[in-house]
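Working notes, structure below.
The values are calculated or read from the model by the stated rules, or taken from the named source; none is laboratory data. Quick caveat: nothing in here was measured; it's all calculated off a predicted structure. Don't worry about glycine lacking a Cβ; one is built from the backbone with ideal geometry, like all the others, and counts go over all protein chains shown. Keep in mind that these areas ignore ligands, DNA and RNA; they rest on the heavy atoms of the full protein, side chains included. Shrake-Rupley method; radii C 1.70, N 1.55, O 1.52, S 1.80 Å.
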Amino acid sequence: MSTTTKDESEPVADLNPRSMTYEFLGPPGAFLISFGVPFMTYLLYFGCSEESGGCPPPLQSIPDRFVEALSDKTFWASLWDTEASLIYLGWYAFCVVAWAVLPGDWVEGVTMRTGEKKKYKINAFSTFLFAMGISCGYIVRNGPESFTFLYQKWIGFVTASLVMSLVQAFYVYASSYRTGALLALGGNSGNFIYDWYIGRELNPSIGSFDIKSFNELRPGLILWVLVNMSMVCEQAVRRGGFANVTDSIWVVLAFQTWYVADGLYNEPAIFTTMDITTDGFGFMLAVGDLTWVPFVYSLQARYLVFKPVELGLLRTAGILAFNLLGYYIFRDANGEKNDFRNGRNPKNLKYFTTSTGSKLLTSGWWGRSRHPNYFGDLLMAFAWSLPTGFDTPITYFYVVYFAVLLIHRQRRDDENCEKKYGEDWETYKKLVPYRIIPYVY
Ligand code: NDP
């Protein structure tokens, strides 16, 4: 089937201009982050696991063990696990087949520079339910010990996902050189390492299969929930059954499953995000989607396997309230914008019309800060770390990393909006002076 429609009124100018500015400190930054992300993923395991002696392991032992490991062939060999790689490949194939066979509506994305609109199949939530059904059925039938393999073979799975990210990044980079490819405005600098990292082609696809949106929503996000489920199973095995599993790990599983399910249920909302409309697909998004999300975001649950925490009713209720507050702000803010961008304004919010014809909300959440949705997201991130207690700062890594990511992302978006709206954006900034946290930042 054809997956693009064309709006004839759009002008077709020079579609793929050379990118003249760099982000992430240009090629040296891209080079460092490309090594840094895999390195950090491994480090968060070796720096916080029972295998390596704690979270963190005794500090004085780290330098010697680090040097010893790097010079030891068996350490390097232990990063690879053929069985884990085959299971990972099977998982990825499952997601592709589910995308192809599960029914779903085809919806249009935003208008691209070509004047065309891409069409996307909406069945990420059904894929999630299908995967949950099979996994839960499998666990009920075969017991928790049958689903601990993600905990047991952690490093093997990390490596398999890294290989998948690398393969995809090279593939999309090479295929972006075919004639007719629409490039990302920021991904066509001509520098190999930078374009490969940031993503050269805007929407790489194989037929009607859109690689970027598929990776954003399915193999990594759903795997994050499966990884958490595996952590609960590992705790259940160690503590003699699900009845003895601690409240803290259930809370983490519930919060993060809810977050993923919510994102997948609201699948069409992703088509107006920066990742889809502006960024190309390269190593940055591939490794973020496939490795970072499932194997770093699940750090709290993995920690709770070997350092179980009993919260009790009061602390559970407090953390739950905190998470719900974050979720409410996140969902309500995203809902207000999504409604508005789709021509609805049920709350009668105030707005002003820019000279481009596009409108900007100036009341409701978007009148309190320029990225209220990030504020809600950050509160939730904090609520996911609280169940691990305060014995280690490492389980709060996600909150710190996420704050840095969102602060940087807000600045990138501000720059993009300034280019888009010019003077009108300055006016909006005067009306809404706070970037993320109302009255604070
Ligand atoms: P947003 O959904 O926040 O969208 C930003 C765009 O909204 C702007 O470019 C602009 O585009 C439009 N906009 C800005 N101000 C207004 C206004 N006042 N009125 C109407 N429209 C406005 O961008 P993101 O893609 O960054 O975030 C999407 C969601 O994903 C967020 O909830 C975020 O927290 C989450 N996220 C989660 C991550 C994770 O790892 N868990 C990582 C990154 C994001 P235009 O005017 O062109 O419509």
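A few notes on this one:
- FRET E, pair residue 129, residue 82, Förster distance 30 Å, beta-carbon r, rounded to 0.05: 0.50
- Here the stretch 293-323 and the stretch 148-164 have alpha carbon centers that stand 22 Å from each other.
- Stretch gain in nm, segment residue 175-residue 39, where the contour uses 0.36 nm per residue and the Cα spacing is subtracted: 46.2 nm
- Protection-proxy order for peptides 221-232, 246-257, each taking the mean of Cβ atoms within 10 Å per residue, highest first: 221-232, 246-257
- Three-way shape call for the chain based on the alpha-carbon gyration tensor, with the a/c threshold at 1.5: prolate
- Evaluated on the stretch 223-304, the Kirkwood hydrodynamic radius is 14.2 Å, with distances taken between all distinct Cα atoms.
- Rolling a 1.4 Å probe over the protein heavy atoms gives the chain an accessible area of 46 Å² per residue.
- Using the alpha carbons alone, the radius of gyration of the stretch 240-357 stands to its Kirkwood radius in an Rg to Rh ratio of 1.08.
- Measuring nothing but how far apart in sequence close Cα pairs (under 8 Å, 6+ apart) lie, relative to its length, the chain scores a relative contact order of 17 percent.
- Accessible surface of the stretch 1-158, 1.4 Å probe: 66 percent of it comes from carbon and sulfur atoms.
- In this structure the amide hydrogen of residue 183, modeled in the peptide plane, comes within under 5 Å of the amide hydrogens of 202, none closer than 5 places in sequence on its chain.
- Taken over the Cα atoms of the stretch 310-417, the convex hull encloses 105 Å³ per residue.
- Sparsely packed chymotrypsin sites (Phe, Trp or Tyr not before Pro) within the stretch 343-405, loop by DSSP, other Cβ within 10 Å at most 13: 390
- Per-residue ellipticity at 222 nm from helix content only, as computed over the chain with -39500 (n - 2.57) for each DSSP H run of at least four residues, stands at -18500 deg cm²/dmol.
- Sparse-neighbour loop sites [trypsin sites (Lys or Arg not before Pro); the stretch 86-119; at most 15 other C-beta within 10 Å; DSSP]: none
- Rounded Å value of the spacing that divides the Cα centres of the stretch 82-102 and the stretch 337-409: 33
- Relative packing of 159-172, 280-293, 136-149, 73-86, which averages over residues the other C-beta atoms within 10 Å, highest first: 280-293, 159-172, 136-149, 73-86
- Note on residue 107 and residue 331: their simple-model spin labels are 1.6 nm apart, each label 7 Å out from Cα toward Cβ.
- Two-decimal log10 I(q)/I(0) for the stretch 165-252, as the Debye equation yields it once each C-alpha is a single scatterer, q = 0.14, 0.18, 0.19 Å⁻¹: -0.62, -0.77, -0.83
- Overall form of the stretch 59-153 per C-alpha gyration tensor (a/c, 1.5; a/b vs b/c): oblate
- FRET efficiency for residue 320 and residue 25, using Cβ-Cβ distance with R0 set to 41 Å, rounded to 0.05: 0.55
- Screening the chain for whole DSSP H helices of 18 Å or more along their axis (Cα) with average Kyte-Doolittle hydropathy at least 0.5 returns 26-46, 82-101, 124-142, 154-175, 221-239, 247-265.
- Counted residue by residue at 0.36 nm each, then reduced by the alpha carbon distance between them, the extension gain from residue 345 to residue 412 reaches 21.4 nm.
- Applying 0.36 nm per residue to the separation of residue 273 and residue 258 and subtracting their alpha-carbon distance, the gain on full extension is 3.4 nm.
- Scanning the chain for cysteines with no neighbouring cysteine C-beta under 4.7 angstrom from their C-beta gives 95, 136, 233, 417.
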